[in-house]
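Asks: First, the structure itself, so that you have it in front of you.
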Amino acid sequence: MNPGEAIFLDCGTTVNEIAKHLVSSNKRVMVLTSGPVVAETIADVSSISHVMLGGQLRRLSGCVSGPLATEQLRNFTISTAFIGVSGITDAGITVADLSEARLKAAVIERAGRVVVPLDHSKVGLADFAHVCPLSQIDIVVTDAPNDYLVRICQANEIQLIVTNKPRD
């Protein structure tokens, strides 16, 4: 991330790890988020300017979504979006809730670059609501790739980054 960059941090444990990294990095960024836990993680960091979208809170995922959140999204420009998912297959990325899927899709449409951080357990899984096809993803970050993930990333010209730190 570049200094002053406007990013979207979605909800979820993996995306919250990115928020924690931002806190320790002391980078100057502007963050838009749909995750109350993410907002709490970055709230007291003076180098991070942040806005949390409003809407309906879904406790199970810890995300805010719905028509209000989608409407508020129109007020912002996002250079990089970090999108949490519950599954990735050759058909695209998915989550458990339709309202969340719609918000994530709207964020992806507005973002210059889309990064999907996920732990290896989500590879090959499809959840209830489709977010977007793989053609809309620029980068996948994971802790342990398998042959399937490598193949679908190569087939869709998605950069695959492997981290050394395992995720929850």
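Asks: With unit charges on the beta carbons (Lys and Arg positive, Asp and Glu negative) and the dipole taken about the Cα centre of the chain, which residue among Cys63, Ser46, Pro133 sits farthest to the positive side?
Replies: Comparing the listed Cα positions along the dipole, Ser46 ranks first.
Asks: Let me have the 222 nm mean residue ellipticity of the chain computed from DSSP H runs of 4+ only, each contributing -39500 (n - 2.57), with the sum over all residues rounded to the nearest 500.
Replies: Working: 5 runs with 49 residues, N = 168.
Only helices count here, giving -8500 deg cm²/dmol.
Asks: Would you grab the residues whose amide H sits under 5 Å from the one on Val114? Only those 5+ places off in sequence or on another chain, please, with H modelled 1.01 Å from N.
Replies: Answer set, sorted by chain and number: Ala81, Asp138, Ile139.
Asks: Most fluctuating residue of Ser86, Ser49, Ser24 in a GNM of the chain with Cα springs under 10 Å: which is it?
Replies: Ser24
Asks: Using θ = phi - 60° and the Karplus form 6.51 cos²θ - 1.76 cosθ + 1.60, what ³J(HN,Hα) does each residue of the range 59-73 get, whole Hz, x for Gly and Pro?
Replies: With coefficients 6.51, -1.76 and 1.60, one gets 4, 4, 9, x, 10, 9, 8, x, x, 5, 4, 5, 5, 5, 4 Hz.
Asks: Under the Karplus relation 6.51 cos²θ - 1.76 cosθ + 1.60, θ = phi - 60°, what is the ordered set of whole-Hz ³J(HN,Hα) values for the range 156-164, x standing for Gly and Pro?
Replies: In residue order, the calculated couplings are 10, 6, 9, 5, 10, 10, 10, 8, 8 Hz.
Asks: Rounded to two decimals, what is Rg over Rh for the chain when you use alpha-carbon atoms and the Kirkwood radius?
Replies: Working: Rg = 14.7 Å, Rh = 15.8 Å.
Rg divided by Rh gives 0.94.
Asks: What is the set of long-range amide H partners of Val31 at a cut-off below 5 Å, with H atoms built 1.01 Å from backbone N?
Replies: Result for Val31 returns Ile7, Ser49, His50, Val51.
Asks: Pick from Ala144, Ala101, Ala39: which is most flexible by mean-square fluctuation in a GNM of the chain where alpha carbon atoms under 10 Å apart are linked?
Replies: Ala144
Asks: Treat every Asp and Glu Cβ in the chain as -1 and every Lys and Arg Cβ as +1, leave all other atoms uncharged, and give the resulting dipole magnitude about the Cα centre to the nearest 20 debye.
Replies: Numbers: 14 positive and 17 negative charges, 53 e Å.
The dipole of the chain has a size of about 260 debye.
Asks: Any chance you could give the angle, 0 to 90 degrees and rounded to 10, that helix 13-25 forms with the longest Cα principal axis of the chain?
Replies: 50 degrees
Asks: A further question on this structure: Expressed as a whole number of Å, what is the distance separating the alpha-carbon centroids of the range 97-125 and the range 15-62?
Replies: Computed from Cα coordinates, the inter-centre distance equals 16 Å.
Asks: Let me know the charge dipole size of the range 60-129 about its Cα centre in debye, to the nearest 20, where only the beta-carbon of Lys, Arg (+1) and Asp, Glu (-1) is charged.
Replies: Numbers: 6 positive and 7 negative charges, 47 e Å.
Using only the charged Cβ atoms, the result is roughly 220 debye.
Asks: So, one more: Compare Arg113, Arg151, Arg59 in a GNM of the chain, Cα atoms joined below 10 Å, and give the one with the largest fluctuation.
Replies: Fluctuation is largest for Arg59.
We did not get these values from a lab; they are worked out from the coordinates using the rules stated. Quick caveat, the model's predicted, so the values are computed rather than measured. For neighbour counting, all protein chains shown are included, and Cβ atoms are generated from backbone atoms with ideal geometry for every residue, glycine included.
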